[in-house]
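Report on the structure given below.
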There are 2 protein chains.
Amino acid sequence: MARRKQYNEQEVLEKAMRLFWRNGYENTSMQMLESEMGINKFSIYASFGSKHGLFKQTLKNYKKNRKNIFDKLQNSTKGVDAIKDFFYDSVDVCYEEGNVKGCLITNTYNEFSFIDDEVIKTDILQFMENLKILFIEKLKTDKTKDEDTVLKQANFLLLAKHGLAAATRVNNNKEIADYIELTFKNI
Amino acid sequence: MARRKQYNEQEVLEKAMRLFWRNGYENTSMQMLESEMGINKFSIYASFGSKHGLFKQTLKNYKKNRKNIFDKLQNSTKGVDAIKDFFYDSVDVCYEEGNVKGCLITNTYNEFSFIDDEVIKTDILQFMENLKILFIEKLKTDKTKDEDTVLKQANFLLLAKHGLAAATRVNNNKEIADYIELTFKNI
DNA sequence: CCAATAACTAAACGATTGTTTAGTTATTTA
DNA sequence: TAAATAACTAAACAATCGTTTAGTTATTGG
């Protein structure tokens, strides 16, 4: 054995995540990552392999961070209102995190729709597919909805979530609340 | 006088627009622009000043191209249904253009929210503000809506349009129609 | 205590970015 | 027809990108 790492991989990964979150993937350079993470390029490559690898782990970490609000949605018995709560929770997380911009998943989805990178794309699409399944599950608890309605509404809510994520990047809390209320008015 | 330009500035600008539309600003290189526009870098700089200048003119050209559907919205007497038609028209334009991705304004809005470029940002925000004013105008034709409701619904529709633009980048026509119908169900 | 070795620093890598420039070609008008 | 000049080609520009490598430092276990 020899010298030990002078940094904590989880800690620097969190810092990298927040930088990617603020600036997107392409607009985050290795130089920026160096100073934000507080470690040398060599160390980044030693721990995460590449910029791409670091970003992948960043996404993984993001999902882990959000696990609690997904679990809350999954375990709730409130039906459609559980989804509405989830929308509010998603917004809250963004503002709690402070300096970030919107939702990292949605940001990545937007950015990579212009880039050939099936690895990241598959990752994101799977994430959204899982969310849709959760929506469907909650919508189905309302027995007055037929299957077709449930699917349509699930698709609608997935896109509404997308609009919401865009909104959390610029709008204030009040406008966002209005948006959520109107989204669920007829669901 | 001397030699004349061997290309038509309007024609090559349209080609540049479609390339930016497909790939975004940062992911479009001067090399790609050269081959897509069919002219040399020198000629691009002679006609448009810089990559940034070319992109600005691209946005201007995009607005001009869409003037007809904005005019249709403005001149319509159908109230809220005019906005709904506008949503469908926006989708149609995307699909008619073929190889492009979503709405150039929304794409640019998303991409530049991560970049310090007040020129482009101001341009885009003004565009969205104008659209919101149009929405308000149409919503106001329904005299049963109070002022507060009109503003809330206009904000909602602006964000819904954002979600729609995201959808036209991946989803099929049927899902998009469902989304539009649900959006307007309670307006 | 010292040889082994992992983690560090810092410089350099080749590739690509947007932009400029020097030199050539073609067309215009006097 | 010939001088003038704008538009062309193609090469080079400096800066930055992600990545690698050579050399140094520090800490470990025998």
Check on A:E26, of a type in the set (D, E, K, R), within 14 Å of chain B (Cβ to nearest Cβ) and within 12 Å of DNA strand C (Cβ to nearest atom): yes
Can we say A:I105 is under 25 Å from A:K185 (Cβ atoms) and either in contact (Cβ under 8 Å) with a residue 24 or more places away in the chain or not assigned by TED's automatic domain parsing to the domain that holds A:Q153 (or both)? no
Output the residues belonging to region B:36-55 that are more than 9 Å from DNA strand C (Cβ to nearest atom) and either closer than 22 Å to B:T106 by Cα or at pLDDT below 95 (or both). B:F55
Checking A:G102 against (1) touching a Lys or Arg at 6+ places or on another chain (Cβ under 8 Å); (2) farther than 25 Å from B:I115 by Cα, which test does it fail? (2)
Taking B:N65 and the conditions (1) closer than 20 Å to A:H162 by Cβ; (2) modelled with pLDDT under 95; (3) polar (S, T, N, Q), which numbered condition does it fall short on, given that it satisfies the others? (1)
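Considering only residues that are without any contact (Cβ under 8 Å) to a residue 40 or more places away in the chain and part of a helix (DSSP H, G or I), which ones fall in region B:145-159?
Step one: of region B:145-159, the residues without any contact (Cβ under 8 Å) to a residue 40 or more places away in the chain are B:145-156, B:158-159.
B:E147, B:D148, B:T149, B:V150, B:L151, B:K152, B:Q153, B:A154, B:N155, B:F156, B:L158, B:L159, listed by residue number.
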Among the candidates B:V93, B:V100, which residue alone is β-branched (V, I, T), touching a Cys at 6+ places or on another chain (Cβ under 9 Å) and within 14 Å of chain A (Cβ to nearest Cβ)? B:V100
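Yes or no: A:D81 assigned by TED's automatic domain parsing to the domain that holds A:I180, modelled with pLDDT of 95 or more, of a type outside the set (S, T, Y) and surrounded by fewer than 13 Cβ atoms within 10 Å (Cβ to Cβ)?
Working: assigned by TED's automatic domain parsing to the domain that holds A:I180: yes; modelled with pLDDT of 95 or more: yes; of a type outside the set (S, T, Y): yes; surrounded by fewer than 13 Cβ atoms within 10 Å (Cβ to Cβ): no.
No; evaluated as a whole, the condition is false for this residue.
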Scan region A:162-177 residue by residue and report those that are at the interface with chain B (Cβ under 8 Å from one of its Cβ atoms), within 15 Å of the chain's Cα centre (by Cα) and in a helix (DSSP H, G or I). A:H162, A:G163, A:L164, A:A166, A:A167
Residue check for A:L151: closer than 18 Å to A:V80 by Cα, away from chain B (no Cβ under 12 Å) and not polar (S, T, N, Q): no
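So is B:K51 within 14 Å of DNA strand D (Cβ to nearest atom) and at negative phi or not?
Against the criterion (within 14 Å of DNA strand D (Cβ to nearest atom) and at negative phi), B:K51 qualifies.
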Criterion first (away from DNA strand D (no atom under 12 Å from the Cβ) and surrounded by 16 or more Cβ atoms within 10 Å (Cβ to Cβ)) does A:F87 satisfy it? yes
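From the list A:N27, A:N65, which residue is within 16 Å of DNA strand D (Cβ to nearest atom) and surrounded by fewer than 19 Cβ atoms within 10 Å (Cβ to Cβ)?
Details: A:N65 fails: within 16 Å of DNA strand D (Cβ to nearest atom).
Within the list A:N27, A:N65, the selection yields A:N27.
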In region A:90-103, residue farthest from the chain's Cα centre (by Cα) [restricted to those that are surrounded by fewer than 17 Cβ atoms within 10 Å (Cβ to Cβ) and either closer than 16 Å to A:A166 by Cβ or among the hydroxyl-bearing types (S, T, Y) (or both)]: A:Y95
Residue, nearest to B:F55 (Cα to Cα), within region B:109-144, restricted to residues that are more than 13 Å from every other protein chain (Cβ to nearest Cβ) and not in a helix (DSSP H, G or I): B:T141
Taking A:L73 as the residue in question, decide whether it is of a type in the set (A, V, I, L, M, F, W, C) and within 16 Å of DNA strand C (Cβ to nearest atom). no
List the residue pairs whose Cβ atoms are under 7 Å apart, where the first residue sits in region B:4-18 and is among the charged types (D, E, K, R), the second is within 16 Å of DNA strand C (Cβ to nearest atom), and the two are 6 or more positions apart or on different chains. B:E9/B:S47; B:K15/B:E36; B:K15/B:M37
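The values are calculated or read from the model by the stated rules, or taken from the named source; none is laboratory data. Bear in mind the structure is a predicted one, so any value in this text is a computation, not a measurement. Every residue, glycine among them, receives a Cβ derived from its backbone with ideal geometry; neighbour counts consider all protein chains shown.
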